[in-house]
Amino acid sequence: MLTETHPIALRIAALLRERGEKIAVADGATGGLIAASLLTVPGALDFFVGGGVVYSFRARDVLFALPRDAYAGMRGASEVYALLQARAIRDNFGADWGIAESGSVGGSSHPSGAPAGRSVTATVGPDGFEHVAVTETGSDDRICNMGAFTRAALAALEEALAR
């Protein structure tokens, strides 16, 4: 997996370094693979400030430091939820960019009822930039979905940085 995502991570790193900007990552159903992909780049400290895997309410509370009512009416694997997370991870880590993925990889039921194979990636950046991308694999294959969601998130990030 990381061998496959390394080339795009190199391109993302080059774009961030060229801009003199840094990113923070909130992995969800990707289980840390977005961050791990970026960390395959030597000298990642130049552009990567940190992040975490948001796989529980406790992790969400610690990483985002938002009151519980900030999530009122939101469901996981939704556009509004991913955007809230991307903004929070960026702001809490003092980065220029934030990326958050929230999805349902399959193999078990998602707490919000999201169908297996659905992922939402939100990317936020300087000057009010915000973009949301939805990936639907239609698959219940947990491992394949984790890879597909990671590749989609990295592609969305590269597209945002290249704009």
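Observations on the model:
- Counting only helices (runs of 4 or more DSSP H) that sit wholly inside segment 1-83, those with at least 1 residues that are in contact (Cβ under 8 Å) with a residue 60 or more places away in the chain and over 17 Å from PHE93 (Cβ atoms) are 2-19, 33-38.
Conditions tested, residue by residue: (1) out of contact with any Leu (no Cβ under 6 Å at 6 or more places or on another chain); (2) under 23 Å from VAL132 (Cβ atoms); (3) not small (Gly, Ala, Ser).
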{"site": "ASP46", "(1), (2), (3)": "yes, no, yes"}
{"site": "VAL49", "(1), (2), (3)": "yes, yes, yes"}
{"site": "GLY52", "(1), (2), (3)": "no, yes, no"}
{"site": "ALA59", "(1), (2), (3)": "yes, yes, no"}
{"site": "GLY73", "(1), (2), (3)": "yes, yes, no"}
{"site": "ALA77", "(1), (2), (3)": "yes, yes, no"}
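- For ALA100, the stated conditions hold: it is in contact (Cβ under 8 Å) with a residue 24 or more places away in the chain, of a type in the set (A, V, I, L, M) and not in a helix (DSSP H, G or I).
- Any hit, segment 50-62, residues being within 21 Å of GLU4 (Cβ to Cβ), surrounded by 13 or more Cβ atoms within 10 Å (Cβ to Cβ) and not acidic (Asp, Glu): yes
- Of SER37, SER78, all but one fail to be buried (at least 22 other Cβ atoms within 10 Å of the Cβ) and among the hydroxyl-bearing types (Ser, Thr, Tyr); the exception is SER37.
- Exactly one residue out of GLY43, GLY31, GLY20 is at pLDDT below 95, surrounded by fewer than 23 Cβ atoms within 10 Å (Cβ to Cβ), on the phi > 0 side of the Ramachandran plot and not basic (Lys, Arg): that is GLY31.
The values are calculated or read from the model by the stated rules, or taken from the named source; none is laboratory data. Note that the structure is a prediction, hence the values are computed from the model and not measured. Virtual Cβ from ideal backbone geometry, glycine too; neighbours counted across all protein chains shown.
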